[in-house]
Amino acid sequence: MNHGTDLGSATAPVKPASSPSGWGGGLPGKWPSIAVILLAQVAAMAVWFASAAAASALARSAPLSGFESGLLTSAVQAGFVLGTLASAFLGLPDRYDPRRIFMISAIAAGVASLTLAALPPTGAGILGLRFLTGVALAGVYPIGMRLAATWASGDLGLLVGLLVGALTLGSASPHALAAFGHLDWRVIYLAAAGFAIFGGLAILFAGVGPNAPRSVRLAPGRMSQAWRSRPVRLTNLGYLGHMWELYAMWTWLAVFLAESFRRSGVADHHTLAEIVTFGAIAAGALGAWLGGVFADRWGRTTVTISAMAASGACAAVIGWLMDAPPWLVSTVAVVWGVTIIADSAQFSASIAELSEPDSVGTMLTLQTCAGFLLTLVSIQLVAPVAQALSWPAAFTMLALGPLFGCLAMARLRASPDAIRLAGGRR
């Protein structure tokens, strides 16, 4: 039985760009299409990145509590979880042209953000629209990965790594705005909406690669493969360990750094904390790219285990450096930022290689759904643990995720199914 190794095999037969599903069209070449996918994905996801920047701007014009500010981001993630679950249940990524799904979803997210600018800065309306934005983005992030995977020929890790790297830069951008700019929250949402609509239209210029699946029927039972298939299950468990740490670190690093720099006597400790946080998260783009290159050459489990071991070590150590010199804390933060994202794309690449060919999109969407659902827990736990115990305890709690992930990927590495990864490179 063909288990989808074509997506990562360097020896996969090259089929015509017009796929059997009838999704042909767009730019004829691989790299022009990948460039369009990267541009469209980052532009469309601007409405997600905007939430952190807008929360800071809103705080200057409305009496928002920390809890209310957090809800602006959590509402998007909750909507994203619901949207990915519905998409996976309906099998949308494997039944329809991913460009059409992407276009409709990105434009819907843009319209929701446009509407936000016309509402009062607080209340149920703005949270409801942020929730709907998250639902719409379920048709952007995993769908973009699915579309990129149709072009893979021995370089799946690199392709998805480039995509994750670009999104990592986008995730870092609010910290640059917080450090150097003081834009009105309406301007932030309007700009993000414009980018999202642009991304939705731009994706139509991307082609669909030769690995596109044939059209399949609706089969909700296909979702069970995420747990029923042992290699897919182990990959998903590894991904959950990674996600337990990732978004909690991105959310709370600036807060920790600001307190550390304040104790060290830094005058403008908040600005320095935002600059270092931007540098740490943005440096993850390099990690995502290198992770993709090394995974295609040396193996998916090799890279994921190594990256999680390194990021977990940073998580366990950095909390104890609260009173250390700023240069040392900043160095560990940047290393953490690089290693924490180096493995991210490789879990998606592994799912694409281990899943049945007609369910790759559904499996990617389910994986993303489970991961972001878990982040809602880990993000909320950091603050109370840090307050009740200490920052070392809170960050050590995050290190448990990579430890769990390493164990899951080590079991996958020992499995005969691992030969299907990266053309036989475990």
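We did not get these values from a lab; they are worked out from the coordinates using the rules stated. Just so we're clear, the structure is a prediction, and the values are computed from it rather than from any experiment. Every residue, glycine as well, gets a Cβ built from its backbone with ideal geometry; the counts of neighbours run over all protein chains shown.
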Notebook entry, point to check: What list of ³J(HN,Hα) values in whole Hz, one per residue of the range 268-276 in order, does the Karplus curve 6.51 cos²θ - 1.76 cosθ + 1.60 (θ = phi - 60°) give from phi, with Gly and Pro shown as x?
Noted result: 9, 5, 5, 5, 4, 4, 5, 5, 5
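For the residues Ser378, Ser350, what sequence is obtained by ranking on other C-beta atoms within 10 Å, fewest first? Could the numbers behind the result be given before it?
Numbers: Ser378 21, Ser350 32.
The fewest-first ordering by Cβ neighbours comes to Ser378, Ser350.
Give, in nm to one decimal, the length gained when the segment between Ala86 and Ala393 is fully stretched (0.36 nm per residue of separation minus the Cα-Cα distance).
Numbers: separation 307, 0.36 × 307 = 110.52 nm, distance 3.62 nm.
Gain on extension, Ala86 to Ala393, equals 106.9 nm.
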Check: Using mean Cβ contacts within 10 Å as the protection proxy, how do 228-234, 297-303 order, highest first?
Finding: 297-303, 228-234
Next item on the list: Would you order Ser359, Ser415, Ser113 from fewest to most other beta-carbon atoms within 10 Å of each residue's own beta-carbon?
Entry: Ser415, Ser359, Ser113
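How would Ser344, Ser153, Ser33 line up from fewest to most surrounding beta-carbon atoms within 10 angstrom? It would help to have the intermediate numbers written out before the result.
Working: Ser344 28, Ser153 20, Ser33 23.
Exposure proxy ranking, most exposed first: Ser153, Ser33, Ser344.
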Next item on the list: Kindly give Rg over Rh for the range 223-426, based on alpha-carbon atoms, with the Kirkwood expression for the hydrodynamic radius.
Entry: 1.02
